[in-house]
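The values are calculated or read from the model by the stated rules, or taken from the named source; none is laboratory data. Source: prediction; values computed, not measured. As a convention, Cβ positions derive from the backbone with ideal geometry for all residues, glycine included, and neighbour counts pool all protein chains shown. What goes into the accessible areas is simple: the full protein's heavy atoms, side chains included, and nothing from ligands, DNA or RNA. Shrake-Rupley method; radii C 1.70, N 1.55, O 1.52, S 1.80 Å.
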Amino acid sequence: MNFWAYVSRIILRGRIFVILAIIAITLFLASNWKYAHFSHTEANILPDDHPIYQQYERFLELFGEEGNLILFAVKDSSLFEPKKFNNWIDLAKKFQNYDEVAYAASIGDVKKLIKDSKNKKFIIEPLFEEHPESKEAVEKIKTELFTQLPFFDNLLYNKETGTLQSLLYLKKDIVNTPTRKKFILEELNPLVEAFERDNNVDVVVSGMPYIRTMNSRNISDEMQMFLGLALFITAFIFFLFFRSFRATFITMIVVSIGVMWAFGFIGLFRYEISILTALIPPLIIVIGVPNAIFLINKYQQEVNKHGNKARSLTRVISKIGNATLMTNLTTASGFATFIFTRSQMLSEFGIIASVSILGIFLLTLLIIPIVYSFMPIPKEKHLRHLTKPWIDKIINWLENTVRHKRIEIYITSVIILILSMIGIYMIKVSGSLIEDLPQSKQFTKDVQFIENEFGGIMALEFLIDTKKPKNVMKLGTLKRMEKLNEIIDEIPDLSRSISIVDAVKYTKQAFYNNNPDYYQLPTREEQVFIMPYVKNSGGNENLLETYVDSTGQYTRLTTFMKDIGTERMEIIEERIQSRIDKTFPKEKYEISMTGKALVFLKGTNYLIKNLFISLGLAVLLISLFMGYMFRSIRMIIISLIPNMLPLLLTAGVMGFLGIPLKPSTILVFSIAFGISVDDTIHFLAKYRQELIATNWKVKKSIYAAIRETGISMFYTSIVLFFGFLVFTVSSFGGTKALGGLVSGTLLVAMLSNLLLLPSLLLSLENRIANKKVFKQPTIDVLTEE
């Protein structure tokens, strides 16, 4: 008795024990659901030892979390009416009363430095003390703010467009906790909505904490939608093919348990649900249904042949078991390669996906034969789909095309290859934040508004190490920082910078009785007169600690960057670095570019590079599986050709359609390759079985393989096509691209495996189809009686 025949006997004879074991495992995994929750932290794209990430960590050690800013903006002339103007000021004050808020700032919090010549100090006074009651009073405040106080330009107002902005800084210790989400959804949003309703104005809300919260809620909503759609669509297509409520119900029960296991694995590994791991439960449905199709279809074919239920169930496990194991291993391998990217988010996705795929394999292999063993033998009406005329037409067309039009198949393949290579050279790399956000959502539109009005929401930080304590406030250092400001101001993709330089320039303006023409760095002579005023004023600690560390050796310069992508960012980085090298002597200063903007864009490049490596690793692993199964280098090459062609075609289409290469789209190739190889394995497994059964008659074996596996491959490919197509309804650009590209790739892969693969086998039959190729069989075959 061969191995799989032995496995089938254990499963069917120990069916009660197997069912109890599945129930026990399901209950155990269900007990871990409580640990599976949506992520409240930002995904760590770069590994901990990456130089860019280490620079960012160093910056955080000195100045703390920099992603705690939420922005509110209004572009509406009616806001300068007294009632609305005062309500705008009060909105910021209301936020200041919450424990989650470190501080909030609006026009009502603007302070002026007033020169006190008698006591040689600066006095801090509010721009206005009482709420203005008339339109004239508001206009006076607006005029003074816009013309006399350049320090606040691009912070609290845009003098070109009249847009007002308020700033809200969350406490740094809640930014990466559930408290942030609760505050934004239950406190902040209702307050803003009430303000909009009461004043009839639209408020733009943005900032990384806000985007992360709204994005997380959107992911949660979409995961539930994907689960529902995947179950409905796969069940509907399955029923259309099999016309059996019983088979459909059994399959849905199996994949539902698979989804329960997937959530259980997330909790068991104590991983958080990210935008990627949220895709795994619906993926399990889409991948699990094809497993069921192969098993149920084989069972019904066996019943149709001889009508013996026990024999049919045994053959289902023994004949399909190994091939199904190998197909699921190759699919899991495609996902498992993400583990080696050294990206936490992708590694977790790869681990959970691969483990869940192996879990759904076990569930289908165990549950389906056992459930059918308790049920009566399928009736004739359940087997009618095997002989439907339209199925016969498709199979006949496939067979005739392979038999008579191999030259046309090869010419078409070469044309596709040439066009694909042209398209590949047109692909561009993208690292856009907005591109993958849900475009229809208001918070995405708000990001674009802030970019246009104030320069962006993603901070680009410059950490300046003067290498000596108290060296930051020296005029030489400040002048060098001002030159860095000048190059930043020349770049339209960056906002006006913020640093200690602005505070020093403001003190000079105050010294000259707040004349805005003197908003500039003091000369050495002026510094002698101004410094006593600064020292006598006191109260500068809070102002300084934001920009300068306690030793006076380190300072920061902050600008905000538009969502410009990796290619443009590299040009800007090179331009700024050139100015830094000329301005800051390396023996006196060490300048590091960092911040969330740079980490995100560098992380994108890092991921793309590592995902290419993971794709190569997937091809290597799957080639090893094929080599193990068929023990022939030629068979490995032949099996790879029909699966590489669809990947090249997809890459070419991306180039022609302008779909950029980014982490979400490059995922397509490893996933699609791992799944599409399944068809190759099923076809070659059946081909080998037929070779032995027909005493090595190649043509007869190939046509028999097309007829028997063609139906199942067609069914599974249609299920996979529509299953992945579910993701195209996503509001996330990356998820939408993933669904559409994988769907198209798998459909082309089906045709490639049913037309190009058998054509290659026929053309090279004398070299390949001999007993040496299959000298050591690894796919167990029951001898037909």
Inset, instruction - Look at Val472 and say whether it is part of a helix (DSSP H, G or I) and crowded, with 19+ Cβ neighbours inside 10 Å. - result: no
Inset, instruction - Look at segment 171-197 and say how many of its residues are open to solvent by 70 Å² or more (accessible area, probe 1.4 Å) and either of a type in the set (Gly, Ala, Ser) or out of contact with any Gly (no Cβ under 6 Å at 6 or more places or on another chain) (or both). - result: 7
Inset, instruction - Counting only residues that are without any contact (Cβ under 8 Å) to a residue 60 or more places away in the chain, over 30 Å from Lys441 (Cβ atoms) and of a type in the set (A, V, I, L, M), give me the helices (runs of 4 or more DSSP H) lying completely in segment 669-774 with at least 1 of them. - result: 698-725, 733-751
Legend entry - Search result, residues across segment 476-499 that are touching a Leu at 6+ places or on another chain (Cβ under 6 Å), in a loop (DSSP other than H, G, I, E, B) and under 15 Å from Ala597 (Cβ atoms): Ser497
Inset, instruction - Would you check if Lys588 is at pLDDT 90 or above, farther than 24 Å from Phe454 by Cα and outside any loop (DSSP other than H, G, I, E, B)? - result: no
Inset, instruction - Check segment 401-414 and report whether any residue there is under 24 Å from the mean Cα position of the chain (by Cα), among the small types (Gly, Ala, Ser) and under 30 Å from Phe656 (Cβ atoms). - result: no
Inset, instruction - Go through (1) open to solvent by 30 Å² or more (accessible area, probe 1.4 Å); (2) over 30 Å from Ser77 (Cβ atoms); (3) part of a helix (DSSP H, G or I); (4) of a type in the set (A, V, I, L, M) one by one and return the number of the condition Ile275 breaks. - result: (3)
Inset, instruction - Would you mind stating whether Ile357 is over 26 Å from the mean Cα position of the chain (by Cα), in a helix (DSSP H, G or I), touching a residue at least 40 places away in the same chain (Cβ under 8 Å) and on the phi < 0 side of the Ramachandran plot? - result: no
Legend entry - Unmet requirement for Met531, which otherwise passes all of (1) modelled with pLDDT under 90; (2) under 38 Å from the mean Cα position of the chain (by Cα): (2)
Legend entry - Test result for Val501, touching a helix residue (DSSP H, G or I) at 6+ places or on another chain (Cβ under 7 Å) and either of a type outside the set (Phe, Trp, Tyr) or crowded, with 19+ Cβ neighbours inside 10 Å (or both): yes
Legend entry - Filtered residue count, segment 424-440, keeping only those that are under 24 Å from the mean Cα position of the chain (by Cα) and at pLDDT 85 or above: 3
Legend entry - Any hit, segment 269-284, residues being closer than 30 Å to Ala5 by Cβ and acidic (Asp, Glu): no
Legend entry - Residue that is surrounded by the most Cβ atoms within 10 Å (Cβ to Cβ), among those in segment 408-447 that are in contact with a strand residue (DSSP E or B) (Cβ under 6 Å, 6 or more places away or on another chain) and in a helix (DSSP H, G or I): Val447
Legend entry - Answer from Ala24, Ala36, Ala43 - the residue that is modelled with pLDDT of 90 or more and at negative phi: Ala24
Inset, instruction - Would you please list the contacts, defined by Cβ atoms under 7 Å and residues six or more apart or on different chains, that run from a residue in segment 476-495 that is free of Cβ contacts under 8 Å to residues at least 60 places away in the same chain to a residue that is open to solvent by less than 10 Å² (accessible area, probe 1.4 Å) and assigned to a helix (DSSP H, G or I)? - result: Leu478/Val501; Glu482/Val501
